[in-house]
1. Run the Debye formula on the Cα coordinates of segment 1-86, all scatterers equal and no solvent, and tell me log10 I(q)/I(0) at q = 0.16 1/Å.
2. Could you grab the relative contact order for the chain? Cα pairs under 8 Å, six or more apart, rounded to a whole percent.
3. Where does each of 69-80, 182-193 land if you order them by average Cβ count within 10 Å, highest first?
4. Give the residue from Leu90, Ala52, Gln106 lying farthest towards the positive end of the charge dipole for segment 52-150; charges sit on Cβ (+1 for Lys and Arg, -1 for Asp and Glu) and the dipole is referred to the Cα centre.
5. Testing the spin-label approximation: label points 7 Å from Cα along Cα→Cβ at Ile69 and Val38. State their distance in nm.
6. Using the heavy atoms of the protein chains and a 1.4 angstrom probe, tell me the accessible area per residue for the chain in square angstrom.
7. If you place +1 on the Cβ of every Lys and Arg, -1 on the Cβ of every Asp and Glu, and leave all else neutral, what size is the dipole of segment 80-215 about its Cα centre, to the nearest 20 Debye?
8. Using R₀ = 30 Å, calculate the FRET efficiency as 1/(1 + (r/R₀)^6) where r is the Cβ-Cβ separation of Asp180 and Arg56; round to 0.05.
Amino acid sequence: MTPREDALLLWFSEVGKSDAHLVGGKGASLGELYCELVPRGVRVPNGFTTTAVAYRRFLDAESSREDWINVPEAEGLPKLRMEVLRASSLSDALQACFDGANPDDQLEMHARTKLARDIIVATQVPNDVKGALRLGYERLCDEYGGEVDVAVRSSATVEDLAHSSFAGLYRSVLDVDPADPDALLDAVLSVFASLWHPQAVTYRGALGVDDHDIAMAVVLMRMVPAERAG
């Protein structure tokens, strides 16, 4: 694996349309846009994308039972939470959430996916991923001469293909306030968790996409006020 393919984040200037496997569809498109238009004098807001590597690092990091001890039961599935608490990583916990699932039972899938999202937002992000996010944000602030509000946007590695469209299924968080030290990380976790909304899981199942073959990259870019962007 090259250093670029092992990176935890990549800037728009470092990626293009062929890099969806690294930074997801949106991240690759924004990189292509930035690289093509900025040299022509178009003022494209800069930003960076956490990579599929960062997401999988998050999934595979050893997790503590204490992270999930306050996660509520899955409604109608009283034994499921105990199965999750036995997992040693988030990846194993997500696998436990869906073992034996009936995708045709909407209430069951709602309960399973909610548990999956709850454990994601309760999981500690690895220090190297947090560090990369912090340094990326600091560099963005340096570029624009002070603290900047950011948009935190979903960018899954399998989205908007020739035979599918995931538009609106994943979460983006706009106008994240840098004055709140936890806001940025909370927004990233919220985007990670949105990979497991019931509509997204059901749609991937209908397309035959394996949930565990997909990764969520997260775009962080300067938030431009609407009255100035037009």
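The values are calculated or read from the model by the stated rules, or taken from the named source; none is laboratory data. Worth saying up front: this structure is predicted, and the values here are computed from it rather than measured. Every residue, glycine as well, gets a Cβ built from its backbone with ideal geometry; the counts of neighbours run over all protein chains shown. Heads up: the accessible areas ignore ligands, DNA and RNA and are worked out on the full protein's heavy atoms, side chains in. Shrake-Rupley method; radii C 1.70, N 1.55, O 1.52, S 1.80 Å.
1. So the normalised log intensities work out to -0.71.
2. After rounding, I find 25 percent.
3. Per-residue Cβ counts within 10 Å, averaged per peptide and sorted highest first, yield 182-193, 69-80.
4. Going by the Cα projections, it comes out as Leu90.
5. The answer from the label model is 4.6 nm.
6. About 51 Å² of surface per residue is accessible.
7. So the dipole magnitude of segment 80-215 works out to roughly 300 debye.
8. So the FRET efficiency works out to roughly 0.65.
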